[in-house]
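Participant: What follows is a structure written as C-alpha cells; I'll ask about it next.
Taken together, the values in this text are just the output of simple stated rules run on the coordinates, not laboratory data. What you see is a predicted model; the values in this text were computed from it and never measured. Don't worry about glycine lacking a Cβ; one is built from the backbone with ideal geometry, like all the others, and counts go over all protein chains shown.
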Amino acid sequence: MKNGKRPTRREKTMIASVCSDPDNWLVSKRLPRSLHLVHRQTKSIKVIPIT
C-alpha cells in the first residue's frame with residue numbers, strides 16, 4: 001500500500017461529512033468517483049464517494 005497524503009481543504013469537508021474527524025484520515029487514492037482513506041493510527045481503510 002502506498003503512503004497516504006494529507007487531504008486538501010475540499011477533501012477535508014467531504015471526509016468530515018462522512019467521518020468524525022478529518023485530521024485522523026489520510027488520502028491513499030484519488031479516483032474520479034471516490035476517495036480511498038487510511039486511518040492514521042489504526043490503518044483501517046474507508047472508501048467514500050465523491051459528489
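Participant: For the chain, what relative contact order do you get, as a whole percent, if you take Cα pairs closer than 8 Å and at least 6 residues apart?
Facilitator: Numbers: 73 pairs, mean separation 14.8, N = 51.
Rounded, it is 29 percent for the chain.
Participant: Additional query: Gain in length, D23 to T8, computed as 0.36 nm per residue apart minus the alpha-carbon separation, to one decimal in nm? Could the numbers behind the result be given before it?
Facilitator: Numbers: separation 15, 0.36 × 15 = 5.40 nm, distance 1.09 nm.
Gain on stretching D23 to T8: 4.3 nm.
Participant: Now for a different question. At 222 nm, what helix-only mean residue ellipticity would the chain give, in deg cm²/dmol to the nearest 500, using -39500 (n - 2.57) for each DSSP H run of four or more?
Facilitator: Mean residue ellipticity at 222 nm (helix-derived): -6000 deg cm²/dmol.
Participant: With 10 angstrom as the radius, rank L37, L31, L26 by how many other C-beta atoms surround their C-beta, starting from the fewest.
Facilitator: Numbers: L37 25, L31 10, L26 17.
Going from sparsest to densest Cβ surroundings: L31, L26, L37.
Participant: What are the ³J(HN,Hα) values, in whole Hz, obtained from phi via the Karplus relation 6.51 cos²θ - 1.76 cosθ + 1.60 with θ = phi - 60°, for each residue of segment 26-34 in sequence order, with x given for Gly and Pro?
Facilitator: 10, 8, 9, 9, 10, 9, x, 10, 7
Participant: Quick one: Kirkwood hydrodynamic radius for segment 9-49, alpha-carbon pairs, angstrom, one decimal?
Facilitator: Details: mean 1/r = 0.0992 Å⁻¹.
It works out to 10.1 Å.
Participant: PRE reach from K43 (point 7 Å along Cα→Cβ): which of segment 5-27 fall under 15 Å by backbone N?
Facilitator: Only 26 fall inside the zone, counting backbone N under 15 Å.
Participant: Still on this structure, I have one more. Around K29, which amide H atoms from residues at least 5 apart in sequence, or from another chain, sit under 5 Å from its own amide H, with H modelled in the peptide plane?
Facilitator: Sorted by chain and number, the residues that satisfy this are H36.
Participant: Across segment 7-15, in residue order, what do the Karplus-derived ³J(HN,Hα) couplings come to in whole Hz, using 6.51 cos²θ - 1.76 cosθ + 1.60 with θ = phi - 60° and x for Gly and Pro?
Facilitator: Residue by residue, segment 7-15 yields x, 6, 4, 5, 5, 4, 5, 5, 5 Hz.
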